[in-house]
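Derivation of every value follows stated rules applied to the coordinates shown; laboratory data play no part. Just so it is clear, the model here is predicted, and its values are computed rather than measured. All Cβ positions, glycine included, derive from the backbone under ideal geometry; neighbour counts span all protein chains shown.
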Amino acid sequence: MEYLAILIGAMFINNIVLMQFLGLCSFFGISTKMKPVVGMGLAVIVVMVLSVAITFPLYKFVLVGLQITYIDTIAFILVIASLVQLTEVVIKRFSKGLYKALGIYLPLIATNCAVLGVALQNVGDIANTNYLSALTYALGSGMGYAFIIIVFAAIRLRLNSANVPRALKGMPIAFVTAGLMALAFMGLSGLI
Amino acid sequence: MEQFLILLSVLGVIILIYVGTMYLNDKTEIPEECREAYLEAQGCKSCSAFRKDSSSCGFKDALKIMEDKQ
């Protein structure tokens, strides 16, 4: 039950994009078509879970143990970038179908601040966080990102055929839409 | 001094891992049937922030836009 609460909380209540404003570049950048959005969403879920699976023990056992926790940001950036490269190599070698679906978006994720943000949030209160809850939070955050970007892309596709005032066409109406979505998600704050 | 050496060695190891994976990734070729999709996904034109009047979304273009505005 506790893990379900973390999952739902990360997905809807503390949504990484709409509540914490992380990963906005790719959120606005690629949400004009549905196909890349699904691939990007899946890739973010995979990379977020894998990065927390590595960074959490790295922080707990290496950085805390050696009393060099102040390098967490730079260490995590490098670890995430390495992990993305390694994941790309494995997918390239073993599954061409999977590579086409989500591998081509992996290089874009190496610079996605949402992945780094989730990794840093998980070690922020390391004394009260266990490994499984950190992984659940990462999974929920990734799923929240994927859910929001898919919904947002669907809305933007409909807006393309809507009668939008000229001054608001393109990015302005996308910003207004994202703002309204964030307001709607604020209504879920009392869910858990 | 000891703390500084520990810091340097930890960062060194992580940087080495990064360089190693980057090298490995460069060596691994993109599957032929995915090449087009890969280039399309990485290209500036796939981003909705891409401006039609500029050649790319690179740093030089951003500087040029800023200069034009001034």
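As a proxy for reagent exposure, ranking A:THR32, A:THR73, A:THR111 by other Cβ atoms within 10 Å from fewest up yields A:THR73, A:THR111, A:THR32.
Run lengths n ≥ 4 of DSSP H only: what is the helix-derived mean residue ellipticity at 222 nm for chain A, with -39500 (n - 2.57) per run over all residues, to the nearest 500? Before the final figure, lay out each step's value.
Working: 9 runs with 128 residues, N = 192.
The helix contribution divided over chain A gives -21500 deg cm²/dmol.
Neighbour counts of other Cβ atoms within 10 Å put A:ARG158, B:ARG35 in the fewest-to-most order A:ARG158, B:ARG35.
Counting charges near A:ILE149 (Lys, Arg +1; Asp, Glu -1) among other residues having Cβ under 14 Å from its Cβ returns a value of +3. With respect to chain A, whose longest principal axis is taken over its alpha-carbon atoms, helix A:34-57 is tilted by about 20°.
Averaged over the residues of B:17-25, the number of partner chain Cβ atoms lying within 10 Å of the residue Cβ comes to 6. The Cα atoms of the range A:61-143 give a gyration tensor whose axes a ≥ b ≥ c have a/c of 1.5 or more with a/b greater than b/c, which makes the shape prolate. Annotation: peptides A:38-46, A:130-138, ranked by per-residue average of other Cβ atoms within 10 Å with the highest first, follow the order A:38-46, A:130-138.
Mean per-residue shielding of peptide A:26-39 is 2, counting Cβ atoms of other chains within 10 Å of each Cβ. Among A:VAL49, A:VAL118, A:VAL164, the largest mean-square fluctuation in a Gaussian network model of chain A, built with springs joining Cα atoms closer than 10 Å, belongs to A:VAL164.
Averaged over A:166-175, how many beta carbons belonging to a partner chain fall within 10 Å of each residue's beta carbon?
Values: counts 0, 0, 0, 0, 2, 2, 0, 0, 2, 0.
Neighbouring Cβ atoms belonging to other protein chains average 1 per residue here.
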